[in-house]
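The values are calculated or read from the model by the stated rules, or taken from the named source; none is laboratory data. In this text the structure is predicted, and so the values were computed from the model without any measurement. For neighbour counting, all protein chains shown are included, and Cβ atoms are generated from backbone atoms with ideal geometry for every residue, glycine included. Ligands, DNA and RNA are stripped out before the accessible areas are found, and what is left, the full protein with its side chains, is counted by its heavy atoms. Shrake-Rupley method; radii C 1.70, N 1.55, O 1.52, S 1.80 Å.
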Amino acid sequence: MPLTSLNLSINTDRLLNRLQELGRIGRDTDNKLTRLAASDTDKAGRDLFVTWMKESGLEVYIDRIGNIFGIWYGPENRNEAPIMIGSHIDTVINAGIFDGCYGVLSGLEVINTLQEAGFIPSRPIAVAAFTNEEGVRYTPDMMGSLVFAGGLSVEDALATVGADGTLLGEELERIGYAGTEDPGFLKPHAYIELHIEQGPILEKMGFPIGAVENLQGISWQRITIEGVANHAGTTPTDMRRDAGLAAARVITYLRDRANDSNGQTVATVGTIDFKPNAINVIPSLATFTVDLRDPYEQRLQQEERALANYLKELAVSEEVSITTEQLVRFQPVTFDETIVKLVEQAANQRGLQSKRMTSGAGHDAQMMARVCPTAMIFVPSIDGISHNPKEYTKDTDLEDGANVLLDVVSNLSGNHTI
């Protein structure tokens, strides 16, 4: 599909001011930003977003899992499937202001810009804020989009017990966002998500736009190694059944495998716990998590099998017992080639270099790809920092990303003006 330019640009000041205003909601006495899903601060952020949508003349809908949709209908397109732009506005604890929020508010800004230009879309344009993308208070993460895409029943999701003992369904009811629409009531023609990269690649390589063509598959496991506790001074090393040593061997094995993959596979041991956890006692138990990611399913399966075989060999060589538990498994996602090309064309027409890339993080887009053509646009993150108050993207990069989104959405929704 050739991209046609409308020669429009978003209102940068309006976008930046909204990002700052939303970013002030959820601050504690130490100025730390936290808006966990279905919390009072999440409600305040949702209320502000809904106010902006209503002021923009959008029709607002809320589904039963609390996903919020603002739809801009044209005079004759109500029966057409919409172009949907979205992300999330819930945060991690002590967050930055851009993760998720940039994509949601850029979607609203695109609609506002097209409205002001007299654009008449042949398809409706919808902006979405999905519930509980972060998964901090309730698991799994990306829950709202997963339910919307049919990957989790709304009943099971609403019955989720949070880390604080609350029920998600009751909390959504309490804050006034237990909607009436069935998840999936809206059938998008396409979905586009604009996001900060949350990684260092674009900034380090000097690209202002990332055209995201795929998203890594994710495999999370919990591994438990049982050895024998014994005295750290009196037990010769060749007579030990050291669960801690075995865990260390797994960690170095995973790094070596990742290094041999030319950057395609990444592996992380993010949590680890020893028992009895004493300085002078050989660990009898090591429990740790493994996060494996790769953009190709066949290779991800290969890495899972390699780890399983290594654990079997390790159990024999170190005389320990090893068990594993699968925690999360998401297949890699390949995004729609037509939309990815539109992103590249839009960037090129605005004189911006773009780089095709893989998303290393999970996003609502990976769930939406189950139900419609989907792609993502990335803009640089300074030093790759995210989920952190130091998260930062330059104003010019925020503007460039929103303008590329504007061009892609205007083409997908029908290039008609008064």
Flag for N262 being within 26 Å of Q366 (Cβ to Cβ), in a loop (DSSP other than H, G, I, E, B) and free of Cβ contacts under 8 Å to residues at least 60 places away in the same chain: yes
Elements of type strands (runs of 3 or more DSSP E) in region 273-383, at least 3 residues being of a type in the set (A, V, I, L, M) and open to solvent by 10 Å² or more (accessible area, probe 1.4 Å): 321-330
Residue list for region 223-250, filter: under 24 Å from T271 (Cα atoms), out of contact with any helix residue (DSSP H, G or I) (no Cβ under 7 Å at 6 or more places or on another chain) and open to solvent by 90 Å² or more (accessible area, probe 1.4 Å): R241
Scope region 201-232; condition within 24 Å of L314 (Cα to Cα), aromatic (F, W, Y) and not in a strand (DSSP E or B); matching residues: none
From P380, P373, residue being in contact with a strand residue (DSSP E or B) (Cβ under 6 Å, 6 or more places away or on another chain) and of a type outside the set (V, I, T): P373
Only one of N67, N79 that is assigned by TED's automatic domain parsing to the domain that holds I192 and open to solvent by less than 10 Å² (accessible area, probe 1.4 Å): N67
Filtered residue count, region 1-46, keeping only those that are in the same structural domain as T139 (by TED's automatic domain parsing), free of Cβ contacts under 8 Å to residues at least 12 places away in the same chain, in a loop (DSSP other than H, G, I, E, B) and polar (S, T, N, Q): 2
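With assigned to a helix (DSSP H, G or I) and in contact (Cβ under 8 Å) with a residue 60 or more places away in the chain as the only criterion, which of V147, V127, V136, V50 stands out?
Details: V127 fails: assigned to a helix (DSSP H, G or I); V136 fails: assigned to a helix (DSSP H, G or I); V50 fails: in contact (Cβ under 8 Å) with a residue 60 or more places away in the chain.
It is V147.
I want to confirm something. Restricting to region 393-418 and keeping residues that are β-branched (V, I, T) and open to solvent by 10 Å² or more (accessible area, probe 1.4 Å), which single residue is modelled with the lowest pLDDT?
Step one: list which residues in region 393-418 are β-branched (V, I, T), which gives 393, 396, 404, 408-409, 417-418.
Cutting the leftovers down to open to solvent by 10 Å² or more (accessible area, probe 1.4 Å) gives us 396, 417-418.
Numbers: T396: 98, T417: 41, I418: 35.
Of everything passing the filter in region 393-418, I418 is modelled with the lowest pLDDT.
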Residues satisfying the stated conditions in region 26-51, i.e. surrounded by fewer than 20 Cβ atoms within 10 Å (Cβ to Cβ) and of a type outside the set (D, E): R27, T29, N31, K32, T34, T41, K43, A44, L48, V50, T51
Considering residues of region 251-272 that are more than 12 Å from R293 (Cβ to Cβ) and hydrophobic (A, V, I, L, M, F, W, C) only, the residue most open to solvent (accessible area, probe 1.4 Å): I272
